[in-house]
1. If you roll a 1.4 Å probe over the heavy atoms of the protein chains, what accessible area per residue do you get for the stretch 12-143, in Å²?
2. For the stretch 1-45 and the stretch 71-130, what is the separation of their C-alpha centers, rounded to whole Å?
3. Amide H neighbours of residue 86 under 5 Å, at least 5 residues apart or on other chains, H built in the peptide plane: list them.
4. Before anything else, pin down the relative contact order of the stretch 22-103: Cα pairs under 8 Å, at least 6 apart, normalised by residue count, whole percent.
5. Which length gain, in nm to one decimal place, applies between residue 26 and residue 72 when the Cα-Cα distance is subtracted from 0.36 nm times their residue separation?
6. What value, in deg cm²/dmol to 500, does the helix sum -39500 (n - 2.57) over DSSP H runs of n ≥ 4 give at 222 nm once divided by the residues of the chain?
7. Express the relative contact order of the chain as a whole percentage, based on alpha carbon pairs under 8 Å and six or more residues apart in sequence.
8. Please turn the phi angles of the stretch 67-75 into ³J(HN,Hα) values with the Karplus equation 6.51 cos²θ - 1.76 cosθ + 1.60 (θ = phi - 60°), one per residue in order, whole Hz, x for glycine and proline.
Amino acid sequence: GVVDPARVACYGGSYGGFLVLMALFTAPERWVGGAALRSVTDWRTYHPRYTQPRLGRPSTHAEAYARSSPIDLAEGLEDPLLLLHGMLDSNVFAQDTIRLMEELIDLGKDFEAMLYPSQGHDFEDGRHWLDEYRRIERFLARHLGPP
């Protein structure tokens, strides 16, 4: 009785953004929507020293990468999605989010996105950080409705 299951969304950044994408793409019936910030969208393009001990090599463990990379599961998107990424991100490259955006367009999926040309993985500039969180707040309020 504490949580209204018809009004639950998710939000996260970096690995949390990856989790948002996986949640929306694989279990859309559980969510009203989600905001994914600076998300890993394809483990094939992330740092091999991180991914290979966990998933193996992409060339020999292709199924593991396909099963755990949101870009391969994007067809499952049914809920509102907000993507945000700094273009100067040196940890999770913005190209990951851009490739996902292209995939979602190709699949005819609806989503919102904002790229920040001067920001890295951890936003350092207060104005950009504030813009990012205002967008998230507006997105969630729009899709969750009033309390």
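1. Ligands and nucleic acids excluded, the result is 52 Å² per residue.
2. 13 Å
3. 38, 116
4. The normalised contact order for the stretch 22-103 reaches 44 percent.
5. The residue 26-residue 72 span can extend by a further 15.5 nm.
6. Details: 6 runs with 63 residues, N = 147.
After summing the helix terms and dividing by the residues of the chain, the value is -13000 deg cm²/dmol.
7. Result for the chain is 24 percent.
8. Using θ = phi - 60°, the values come out as 6, 10, 9, x, 4, 7, 10, 4, 4 Hz.
The values are calculated or read from the model by the stated rules, or taken from the named source; none is laboratory data. Everything numeric in this text was worked out from a predicted model, so none of it was measured. Cβ sites come from the backbone with ideal geometry, for glycine too, and all protein chains shown count toward neighbours. Please note that ligands, DNA and RNA were not included when accessible areas were found on the heavy atoms of the full protein model with its side chains. Shrake-Rupley method; radii C 1.70, N 1.55, O 1.52, S 1.80 Å.
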